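Data first, discussion second: the structure below is written as structure tokens.
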Amino acid sequence: MDCWADSHLHSRHSFDSTASMEDQCRAALAQGLSELCFTEHFSLDSQVPTYGYMDWAGYRAEFEACRRAFSPQLALFWGVEVCEPHHLAGDYEALFGRLPLDAVIGSVHNVAHQKLRRLVQERGPDRASALYFQEVLAMVETGRMEIVAHLDLIKRYIGAPLTSEQLEANRPVLERILCRMVEKGLALEINTSTLQKLGEAMPSPWLLRLYWELGGRKITFGSDAHQPQRVGEGLEWAFSLAREVGFSGFYTCRERELCYHAF
Ligand SMILES: [Zn+2]
Ligand SMILES: [Zn+2]
């Protein structure tokens, strides 16, 4: 395998991490990784928590310093994880067109400006899941991104994997999401950050298989680490799951193009 990559992680350039990029890189090397893509939180929506936190010059400078320091053992790329990129889509593209980003990851962290934790508390797991997946569908329909992050993130706030009844109840919208992703060539991320607590990654194996059955072949891997001790966590597990489902390789993102790597 030519590449052992973690394509979703954060540093202190995200509002919810205090890790230096250097410490994240050291942790990656200690895990035997060959490639990292930093994907710091970003939003242009003043009503979401990450708004106003990004210092582009600071992020770029620390990234370039790490790129020089860790080359050639570790290949480094930089991107953003955008909250609901389908809202203000034109503004994001105008901005990102001026930045030499490697990857834009699309995430639904809020539904109608309500955080997912609150959504689950107020609406209950079933209604919250339905509203969440509707928002993901809107994102893949109209947002511009290369990678769709943590597809079934709502389960983190429910505190348990989605049951087969919950998955079946949402099957029509899930199939539409995955079919649109296939048509648009978007990659599905296997995000391992729920592996320890919930016993499965995001998406669940059921959803990953559904993506495969619908023709989806583009996957990426990400630990979503906000701390050095979690960089690369669960990636080996995710690699074997992907192989078992039938994927022959995976993708990373460079200059906003997905590139294939065979297993
Ligand atoms: Zn996220
Ligand atoms: Zn993240």
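We did not get these values from a lab; they are worked out from the coordinates using the rules stated. Keep in mind that this is a model prediction, so the values were computed, not measured. Please note: Cβ atoms are built from the backbone with ideal geometry, for glycine as well, and neighbour counts cover all protein chains shown.
Quick notes
- Taking a ≥ b ≥ c as the square roots of the eigenvalues of the Cα gyration tensor, the stretch 120-263 is oblate, since a/c reaches 1.5 or more and a/b is not larger than b/c.
- From least to most packed, judged by other beta carbons within 10 angstrom and beginning with the fewest, Tyr59, Tyr211, Tyr51 follow the order Tyr51, Tyr59, Tyr211.
- When the Gaussian network model of the chain links Cα atoms closer than 10 Å, the mean-square fluctuations of Ser193, Ser248, Ser204 top out at Ser248.
- Links that overshoot a 21 Å alpha carbon limit, given the list Lys155/Lys197; Lys115/Lys218; Lys115/Lys155: Lys115/Lys218
- Among 233-243, 117-127, sorting by the average number of other beta carbon atoms lying within 10 angstrom of each residue, highest first, gives 233-243, 117-127.
- Cα gyration tensor category, rounded, prolate or oblate, for the stretch 123-190 with a/c compared to 1.5: prolate
- Of all DSSP beta bridges confined to the stretch 5-262, the antiparallel ones make up roughly 25%.
- Straight-line cross-link partners of Lys184 among the aspartates and glutamates, defined as a Cα under 16 Å from its Cα and at least 8 positions apart when in the same chain: Glu141, Glu146, Glu175, Glu257.
- Cα centroid separation - the stretch 234-251 against the stretch 32-100, whole Å: 26
- As a rough footprinting exposure proxy, the listed residues Met145, Met54 were ranked by other beta carbons within 10 Å of their own, and the order from fewest upward is Met54, Met145.
- Charge tally in the Cβ shell below 12 Å around Leu88, where Lys, Arg are +1 and Asp, Glu are -1, Leu88 excluded: -3
- Three-way shape call for the stretch 194-255 based on the alpha-carbon gyration tensor, with the a/c threshold at 1.5: oblate
- Summing charges over neighbours of Ala28, with a neighbour being any other residue whose Cβ is under 12 Å away from its Cβ, gives -3 when K and R count +1 and D and E count -1.
- Measuring nothing but alpha carbons in the chain and taking Rh as the Kirkwood radius, the Rg to Rh ratio lands at 0.94.
- Listed residues Thr50, Gln166, His86: farthest to the positive end of the dipole of the chain (Cβ charges): Gln166
- Sorting Thr194, Thr220 from the fewest to the most surrounding beta carbons within 10 angstrom yields Thr194, Thr220.
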